[in-house]
């Protein structure tokens, strides 16, 4: 699928963003955080392709294990809209469940082996 401008937000609408990426191939990650949050992620894209339209101050950062990946959450509703990847910190992924008009239940998804990148057991 070709890259297109997608619009998205967290659940409460405090954080709104645009991203230029294709929604597929979608993937899930098997690291300890992603297994728990269960998000379906976009393909990786360059940081310049993401624009936070409103609510940057409403985001909170969570990092764990090697402290390389940066997972952002809305501090009001707790939804994860996007993250900077650990495998290549120049790349980002967006939570497709936050994208307007995307039916995440209609998309097939591959699995990323994030668990093998951990330096701490079960992280």
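Going by the structure shown, is residue 93 at pLDDT below 95, part of a strand (DSSP E or B) and either more than 12 Å from the chain's Cα centre (by Cα) or under 27 Å from residue 108 (Cβ atoms) (or both)?
no
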So which pairs qualify, if the first residue must be in region 58-69 and within 14 Å of residue 87 (Cβ to Cβ), the second must be exposed (fewer than 12 other Cβ atoms within 10 Å of the Cβ), the Cβ gap must be under 6 Å, and the two must be at least 6 apart or on different chains?
65/120; 66/119
Selected residue (criterion: surrounded by the fewest Cβ atoms within 10 Å (Cβ to Cβ)) from residues of region 71-90 that are touching a helix residue (DSSP H, G or I) at 6+ places or on another chain (Cβ under 8 Å) and more than 21 Å from residue 53 (Cβ to Cβ):
90
Test residue 68 against the stated conditions and say whether it is closer than 24 Å to residue 4 by Cβ, at pLDDT below 95 and either touching a strand residue (DSSP E or B) at 6+ places or on another chain (Cβ under 8 Å) or surrounded by 12 or more Cβ atoms within 10 Å (Cβ to Cβ) (or both).
no
Residue pairs meeting the criteria (Cβ under 6 Å; at least 6 apart or on separate chains; first in contact (Cβ under 8 Å) with a residue 24 or more places away in the chain and at positive phi, in region 13-24; second surrounded by 21 or more Cβ atoms within 10 Å (Cβ to Cβ) and part of a strand (DSSP E or B)):
none
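Scanning region 60-73 for residues that are in a strand (DSSP E or B) and more than 12 Å from the chain's Cα centre (by Cα), which turns out farthest from residue 13 (Cα to Cα)?
Residue satisfying both the conditions and the ranking: 62.
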Restricting attention to region 31-48, which residues are modelled with pLDDT of 95 or more and more than 13 Å from the chain's Cα centre (by Cα)?
48
Matching residues, region 38-63, being surrounded by 15 or more Cβ atoms within 10 Å (Cβ to Cβ) and more than 17 Å from residue 5 (Cα to Cα)
39, 40, 55, 58, 59
Within region 3-30, count every residue that is at pLDDT below 95 and more than 21 Å from residue 112 (Cα to Cα).
1
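The values are calculated or read from the model by the stated rules, or taken from the named source; none is laboratory data. Quantities reported herein were computed from a predicted structural model and do not represent experimental measurements. Note that each Cβ is placed from the backbone with ideal geometry, even for glycine, and that neighbours are counted across all protein chains shown.
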